Protein chains: 2
Amino acid sequence: MAGAVTSKGCQKIRGSQIKELLDAKRNVLFDCDGVIWNGETAVPGAPEVVSSLKQQGKNVFFVTNNCTRPRENYVQKFSRLGFNDVAQEEIFSSAYCSAVYLRDVAKVQGKVFVIGGSGVYNELRDAGVPFVEEETDTSGGSIYDCPLDSEVKAVLVGYDEKFNFLKLAKACCYLRNADCLFLATDPDPWHPLRGGRVTPGSGSLTAALETATDRKATVIGKPSRFMFECIASQFGVDPAQCLMVGDRLETDILFGTNCGLDTMLTLTGVSKMEEAEGYRDSEAPEKKDFVPDYVVDTIADFLQTEEED
Amino acid sequence: MAGAVTSKGCQKIRGSQIKELLDAKRNVLFDCDGVIWNGETAVPGAPEVVSSLKQQGKNVFFVTNNCTRPRENYVQKFSRLGFNDVAQEEIFSSAYCSAVYLRDVAKVQGKVFVIGGSGVYNELRDAGVPFVEEETDTSGGSIYDCPLDSEVKAVLVGYDEKFNFLKLAKACCYLRNADCLFLATDPDPWHPLRGGRVTPGSGSLTAALETATDRKATVIGKPSRFMFECIASQFGVDPAQCLMVGDRLETDILFGTNCGLDTMLTLTGVSKMEEAEGYRDSEAPEKKDFVPDYVVDTIADFLQTEEED
């Protein structure tokens, strides 16, 4: 698969090479942010790419670490941005998969204390997993005297713009009990915003809690395998038949590697070609897991295969 | 110095052994929480120990990672708890030493963005270091549209019960500039509260920021050497003439080791004798730095030396 390049991976492909690759796959997994859209703007051509793949009879899945929206909001966003044929069951968000994990794998017997937003709350509610609703601290209480809920048996950490000290401190107290599960929706350390700003990701909030508790969270999102296991169990897909397309080497590409999928970096998001080549040319064996098999400038290049043939 | 024990360190001493050790030292450095007091209760005998050491002509210093109070409040607390002869200049808190570092070592040219409380604010004000006063978010702004201050040239993270997402996110944005200094008052991951509760420490909040920025903070508090350098530069003390007394192996004892001081664990706080012996008997060489030279049940045992002689 390494083609004409000297080191394995980072093969920049286009036109008929992309067509050949896609012809060999039945399933295409896309990350969302930086791959099919950036914020509220679709990557040009992305809606046509998704439609085209589906018309060719392929399964298309969306695998996102973004836990801020419940899946029904994703369906609305897809529609708003011109994707007219995306169904809720094709969307695997870290919030949805966290709820599935708590219900079906951990089979949690008790409530979940959530650091997160409506995306996490709604998915837990839909999955029938009880949780402590604490959008923000309105009691004026402090960690010295606030009530703690003895029914809490798990702490789930996701992106939370209402994160505050009391939520962090309560989570620490719950996690003193070694039987209390410790989950994180995703490990993303930060996200880019407009104007060069950044916002801390779930991984940042999780790090605070890991340090304070000397425990490690079980991470549901990429690069953990669990989101692929969700897809595989619901759709029976074969890893050898899958292509994972993402914009972050340390999450998307590592996820693909961890799950045994062919991987493709698209350059419309966070990671750059030079970073991918840096991993490829590194002496450290563990860096190889970040190296994409293929690289495209944008997934819109998928459309060229039709025009050029 | 290892005495009759088989492995070096963890020598439990009392009576005349303590007297002999103290006779050989001119300077005694005490951690505060867990050593001379617990919360608002002095360790029984601690005020007499401090007075006795001073009457013997020794320098006594208080070296605390607790950044929540300015030093004048510490003087009041000492007095309230029965310590009648402690002066402000004998108190080296992580907040005070952070202000000294910013003013005298980093010579910061600009404002400091503070995650922390009044202890940090007051010490910066006393040191003449300009800072952004942001006790809490009252603007209703978000990281998407809040103002950022272009004069910020350093971020300082300490214990902050008003920590929230916006403070964290703003700090992330400031630290995108590689010229912006990144300091932490102390690395403490958590602190014990009453009733088995815990509260996240400065180290927990710093971890969130380190993860989000992929940078490492310069840590001022123990086990970093800087607080000893502050004492040494102001009082001209010789490490060989110092005994460091603390209750946490990973901060106090490591600090003493890092600074070349004799170290003593007192068992009135966080760390247990078994943990110290565990480090002593470990195969890993780096664990030896956590092993105290001496162990006492309480610093009140210092008084026995007089009674028994």
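The values are calculated or read from the model by the stated rules, or taken from the named source; none is laboratory data. None of these values were measured; they are calculated from a predicted model. Don't worry about glycine lacking a Cβ; one is built from the backbone with ideal geometry, like all the others, and counts go over all protein chains shown.
Which residues, counting only those in segment B:161-173, are buried (at least 24 other Cβ atoms within 10 Å of the Cβ) and either of a type in the set (Ser, Thr, Tyr) or part of a loop (DSSP other than H, G, I, E, B) (or both)? Within segment B:161-173, B:163 is the sole residue that qualifies. Residues in segment A:181-204 that are assigned to a strand (DSSP E or B) and within 11 Å of another protein chain (Cβ to nearest Cβ): A:190, A:191, A:192, A:198, A:199, A:200. For segment B:169-199, name all the residues that are closer than 18 Å to residue B:219 by Cβ and without any contact (Cβ under 8 Å) to a residue 60 or more places away in the chain. Scanning segment B:169-199 gives B:171, B:175, B:180, B:182, B:184, B:189, B:190.
Can you find a residue in segment A:136-148 that is touching a Pro at 6+ places or on another chain (Cβ under 7 Å) and in a loop (DSSP other than H, G, I, E, B)? Within segment A:136-148, not a single residue is touching a Pro at 6+ places or on another chain (Cβ under 7 Å) and in a loop (DSSP other than H, G, I, E, B).
Of all residues in segment B:125-145, one or more are touching an Asp or Glu at 6+ places or on another chain (Cβ under 8 Å), surrounded by fewer than 17 Cβ atoms within 10 Å (Cβ to Cβ), touching a residue at least 24 places away in the same chain (Cβ under 8 Å) and assigned by TED's automatic domain parsing to the domain that holds residue B:212. Would you confirm whether any residue within segment B:288-303 is at pLDDT below 95 and in a loop (DSSP other than H, G, I, E, B)? Scanning segment B:288-303, I find no residue that is at pLDDT below 95 and in a loop (DSSP other than H, G, I, E, B), so the answer is no.
Can you tell me which residue is nearest to residue A:105 (Cα to Cα) among those in segment A:160-180 that are at the interface with chain B (Cβ under 7 Å from one of its Cβ atoms) and of a type in the set (Asp, Glu)? Ranking the candidates gives A:160 first.
Only one entry of A:276, A:207 meets the criterion of being at pLDDT 95 or above, part of a helix (DSSP H, G or I) and over 30 Å from residue B:193 (Cα atoms), and that entry is A:276.
Only a single item in (1) free of Cβ contacts under 8 Å to residues at least 12 places away in the same chain; (2) within 14 Å of chain B (Cβ to nearest Cβ) is not met by residue A:157, and it is number (1).
Screening residue B:57 on (1) part of a loop (DSSP other than H, G, I, E, B); (2) in contact with a helix residue (DSSP H, G or I) (Cβ under 9 Å, 6 or more places away or on another chain) shows it passes everything except condition (2). Screening segment B:205-242 for residues that are within 30 Å of residue B:23 (Cβ to Cβ) and charged (D, E, K, R) and picking the one that is nearest to the other protein chains (Cβ to nearest Cβ) gives B:222. Restricting attention to segment A:116-143 and to residues that are at pLDDT 90 or above and polar (S, T, N, Q), the residue that is farthest from residue A:183 (Cα to Cα) turns out to be A:142. Set side by side, the residues A:237, A:155 differ, and just one is under 17 Å from residue A:102 (Cβ atoms) and at pLDDT 95 or above, which is A:155.
Residue by residue, here is whether (1) among the small types (Gly, Ala, Ser); (2) surrounded by fewer than 21 Cβ atoms within 10 Å (Cβ to Cβ); (3) within 24 Å of residue A:190 (Cα to Cα) holds:
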| residue | (1), (2), (3) |
| --- | --- |
| A:45 | yes, yes, no |
| A:54 | no, yes, no |
| A:58 | no, yes, no |
| A:63 | no, no, yes |
| A:67 | no, no, yes |
| A:73 | no, yes, yes |
| A:76 | no, yes, no |
| A:80 | no, yes, no |
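Applying a threshold of 8 Å to beta carbon distances and a minimum spacing of six or more residues, or different chains, the list of pairs starting in segment A:83-97 at a residue that is of a type in the set (D, E, K, R) and ending at one that is at pLDDT 95 or above reads A:85/A:50; A:85/A:51; A:85/A:54; A:89/A:234; A:90/A:59; A:90/A:60; A:90/A:61; A:90/A:62.
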